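To start, the structure itself, in structure tokens.
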Amino acid sequence: MAESGTQDLLDLDELRAENGLTGRRHLLSLLVENRPGVLARIAGLFSRRGFNIDTLAVGPTEDPDISRVTLTVDGAVHPIDQVTKQLHKLVNVIKIRDMEPDKTVAREMALFRINAAADNRAEIIEFTQIFRAHIVDVSRRSITVEVTGTTEKIDSFERMVRPHGLIEMARTGEVAIVRARPES
Amino acid sequence: MRAADALCEALNAEGVKHVFGIPGGASLPLYDALYDASFEHVQVRHEQAAGHAAEGYAKASGKVGVAFATSGPGATNLVTAIADAHMDSVPTVFITGQVRTDLIGTDGFQEADVTGITMPIVKHSFLVTDPAQIPDYIHKAFHIAKSGRPGPVLVDIPQDLSRMEIDYEPITGAPKLPGYQPNTEGNIKQIRIAAKALANSRRPVLYAGGGVINADASEELRELAASDRFPVTCTLMGLGAFPAPDEQWLGMLGMHGTRTANYSMDEADLIVAIGARFDDRITGKLSEFAPRAKFVHIDIDPAEISKNVPAHIPIVGDVKKVLPKLTGEYRALAADSSRLDEWWRRIEGWREQYPLHYEDTTDQEIKPQRMVEEMYRATGGDAIITSDVGQHQMWAAQYYHFAKPRRWLNSGGLGTMGFGLPAAIGAKVAMPDEQVVCLAGDGSLIMVCQEFATAAANDLDVKVFLMNNGHFGMVRQWQELFWDERYKSVEMGPSPDWVKLAEAFGWTGILCDSKDELAGAMKSALETEGPVLLDVRVTPNENCYPMIPAGAAARDMVG
Ligand SMILES: Cc1ncc(C[n+]2csc(CCOP(=O)(O)OP(=O)(O)O)c2C)c(N)n1
Ligand SMILES: [Mg+2]
């Protein structure tokens, strides 16, 4: 970086401005004050500014005064920079982290209730094993499976079981944490 | 101490001298405490006016304006003023009574979820759930309202809580707000790049907004402009940040700005936006806005940067701190001033070819532009002018050449009719020694004319110069120009008799309908003691020009 008062030129034509679209999905991890109304402020901000939240997960952290809000936003549609700057303006939002995919451990949990008549029951049990999922409830007609993993893993489990008759699905939305650096 | 009294103590500790409001059931404890308070409560006649008065107070003085209202309808009446303060970044604190805690959520009498209703239009809000929070919340509310990018903060206090006893201890030191730390310094590396960009620019424009006034940085803006004959334009909200009668002054920019200012933006190679937010009334058609320019954007609110127009050199910081650094860095580069000669020749050409103009009448009919020019003369160009919203507002912006900051108080972002009179009341309360004149529109003034009573009851020497064109003039203009002259609901008709109305409230009323008498009528209105309404009958169907039609580009200015 040039020092004060130096004469080297700067060509205006070389200046670039970014439009803010990154083209990928962003996972934002927010630390917020744990008090009433904070989630309403966040949700209200998104709707007022026309931003879409793809998934949203809220829960406590190690500090009882602070909650974590994890949300995913499509950076191809919304300038992520503008989203985070607007979020920062909320007085109750303490910290925002735009999680870098390769430095993040992210997980989602989902429950699937699947049609399980006698003829496809075995196959569903097999899928469950392949995906290292768990059967958490069984009836004569259906099986309920709990899957934990990346969003992609849950998406593909869904694709596998859908043809068998997916009766109901519930997903939590991703939660994430920064990956610890390998000890050197 | 009773929590309501602690509230007053906290307000006192924040240096509050005046508040505006109307009492009610849920705020009875608060008003009981106000009975003994060391500051003054100005009783208005409608809560919206309390809000606008608080805004006028804040805009004129730079201090935080405060308004009180009761729960339910009292609080909802404040909503327009809160939205207005949000759009124009006015440091204000709104204190509302709320129903008792055991009634909250039950649709109790006069219950309205005012924190919920106002969530999108406040900088922050607090709903008191424990009476001991009150002093702390007030302290935080003031800090948030006036620091960073200023704005409205709401504190909602349930009736039962304000009656409880608490241990009150004066709070000292900065409030604890872990999620709120505005960055004020500005990144020096970015500032250096901006200085270099300026040094290499041949067609620069400084584009200043209301942020310069909020930051009290007019002096610093002038210094930067003076460092190299940089042309300066201001937004509607920025008028007065740079002295209007000046060699380097291009006039206001935007929809009703000067051709010189808009054409300069259009051809600029570098635009330095200072405390301005690229509103659509400035940019017109975004895709054709300043197509040749690179942008330096200086603002205390990072979210404004690249919101509407992507910035090439973003600088987050308080313009009062950033501008001197930029000026210093720029001076150190010792750039060759003569590179701007050609640009100035171009600008001078526009100035000569396209001055603001209107055709005056040859008879006694008063043109509205003439009225503003006369007003400028009559007040020596030095009054605090408030306005409503419409043509008269734009003509004031064009023809009253504001030389100093905090002299032009108007509703820019929200465009709230009825702002002028209550804002004038607030300004007069804040600055009793200044001449305060509201340039009112006839359509706007009638929305708030109950406030004549407030001025009379409080001996407030405000003057209202009513630009009476018998119309919602600005809407009439749009119907004429863009809706095939299908005039619908834009005539005001002959009523009311404004002079009689003013007199009914204890004001002096003066009518003026001839050009020769205008100067004299203004003089006597200004010299008459106490509040005066001057009803000036102007041309009923004059259009405000020049104009960038909505959604068009600066190049397509008409009129
Ligand atoms: C509260 C509110 N309602 C409606 C409008 C829409 N509007 C904008 S200008 C205008 C007419 C203003 O009339 P007047 O105050 O007489 O000013 P003029 O344009 O005639 O100078 C209207 C109705 C507004 N800005 N604010
Ligand atoms: Mg009118």
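The values are calculated or read from the model by the stated rules, or taken from the named source; none is laboratory data. On a predicted model such as this, the values are computed, not experimentally measured, just so you know. In this analysis, Cβ positions are derived from the backbone assuming ideal geometry, glycine residues included, and neighbour counts consider all displayed protein chains.
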State which residue pairs qualify: first residue on the phi < 0 side of the Ramachandran plot and inside segment B:195-207, second residue of a type in the set (S, T, N, Q) and assigned to a helix (DSSP H, G or I) in any location, beta carbons under 7 Å apart, and separation of 6 or more residues or different chains. B:Val205/B:Ser264
Within segment B:258-346, which strands (runs of 3 or more DSSP E) (wholly inside it) include 1 or more residues that are out of contact with any strand residue (DSSP E or B) (no Cβ under 6 Å at 6 or more places or on another chain)? B:294-299, B:313-316
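Which of the residues that make up segment B:264-311 are among the aromatic types (Phe, Trp, Tyr) and buried (at least 22 other Cβ atoms within 10 Å of the Cβ)?
B:Phe278, B:Phe295
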Single unsatisfied condition, A:His78 versus (1) at pLDDT 95 or above; (2) within 14 Å of chain B (Cβ to nearest Cβ); (3) closer than 20 Å to A:Ala57 by Cα: (1)
Contact list, first residue from segment B:468-491 and within 14 Å of another protein chain (Cβ to nearest Cβ), second anywhere and more than 7 Å from ligand 1 (Cβ to nearest atom) and not polar (S, T, N, Q), beta-carbon distance below 7 Å, six or more apart or interchain, is none
Residue check, B:Ala194 assigned to a strand (DSSP E or B) and within 14 Å of chain A (Cβ to nearest Cβ): no
Could we say that B:Arg406 is within 23 Å of B:Thr80 (Cα to Cα), surrounded by fewer than 24 Cβ atoms within 10 Å (Cβ to Cβ), more than 14 Å from chain A (Cβ to nearest Cβ) and more than 16 Å from ligand 1 (Cβ to nearest atom) here? yes
For segment B:472-507, give me the residue count where each residue is farther than 30 Å from B:Ala552 by Cα and away from ligand 1 (no atom under 16 Å from the Cβ). 9
What tally of residues in segment B:325-342 results from selecting those that are under 15 Å from B:Ala225 (Cα atoms), surrounded by 15 or more Cβ atoms within 10 Å (Cβ to Cβ) and more than 11 Å from chain A (Cβ to nearest Cβ)? 3
If only one of A:Thr128, A:Thr70, A:Thr104 is farther than 30 Å from B:Asp301 by Cα, more than 14 Å from chain B (Cβ to nearest Cβ) and of a type in the set (Val, Ile, Thr), which one is it? A:Thr128
Would you mind finding the one in B:Gln398, B:Gln393 that is within 16 Å of ligand 2 (Cβ to nearest atom), closer than 28 Å to B:Arg555 by Cα and in contact with a strand residue (DSSP E or B) (Cβ under 9 Å, 6 or more places away or on another chain)? B:Gln393
Do we find that B:Arg351 is out of contact with any His (no Cβ under 6 Å at 6 or more places or on another chain), among the basic types (Lys, Arg) and part of a helix (DSSP H, G or I) in this structure? yes
Specify the residue that is surrounded by the fewest Cβ atoms within 10 Å (Cβ to Cβ); the eligible residues are those in segment B:455-494 that are away from ligand 2 (no atom under 14 Å from the Cβ) and within 20 Å of B:Ala383 (Cβ to Cβ). B:Asp459
Going through (1) buried (at least 21 other Cβ atoms within 10 Å of the Cβ); (2) within 18 Å of B:Phe419 (Cβ to Cβ) one by one, B:Ser61 fails only at (1)
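Let's see how each residue does on (1) of a type in the set (D, E, K, R); (2) modelled with pLDDT under 95:
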residue: A:Arg141; (1), (2): yes, yes
residue: A:Thr144; (1), (2): no, no
residue: A:Val147; (1), (2): no, no
residue: A:Met160; (1), (2): no, yes
residue: A:Pro182; (1), (2): no, yes
What tally of residues in segment B:222-251 results from selecting those that are closer than 26 Å to B:His86 by Cβ and touching a strand residue (DSSP E or B) at 6+ places or on another chain (Cβ under 6 Å)? 7
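Among the listed residues B:Ile446, B:Ile510, identify the single one that is β-branched (Val, Ile, Thr), more than 14 Å from chain A (Cβ to nearest Cβ) and near ligand 1 (Cβ under 9 Å from one of its atoms).
Working: B:Ile510 fails: near ligand 1 (Cβ under 9 Å from one of its atoms).
Within the list B:Ile446, B:Ile510, the selection yields B:Ile446.
Please verify whether A:Ile114 is more than 25 Å from B:Pro150 (Cβ to Cβ), in contact with a Leu (Cβ under 7 Å, 6 or more places away or on another chain) and in the same structural domain as A:Gly149 (by TED's automatic domain parsing), treating the condition exactly as stated. Break it down into steps so the answer makes sense when it comes.
Numbers: more than 25 Å from B:Pro150 (Cβ to Cβ): yes; in contact with a Leu (Cβ under 7 Å, 6 or more places away or on another chain): yes; in the same structural domain as A:Gly149 (by TED's automatic domain parsing): yes.
Spelling it out, A:Ile114 is indeed more than 25 Å from B:Pro150 (Cβ to Cβ), in contact with a Leu (Cβ under 7 Å, 6 or more places away or on another chain) and in the same structural domain as A:Gly149 (by TED's automatic domain parsing).
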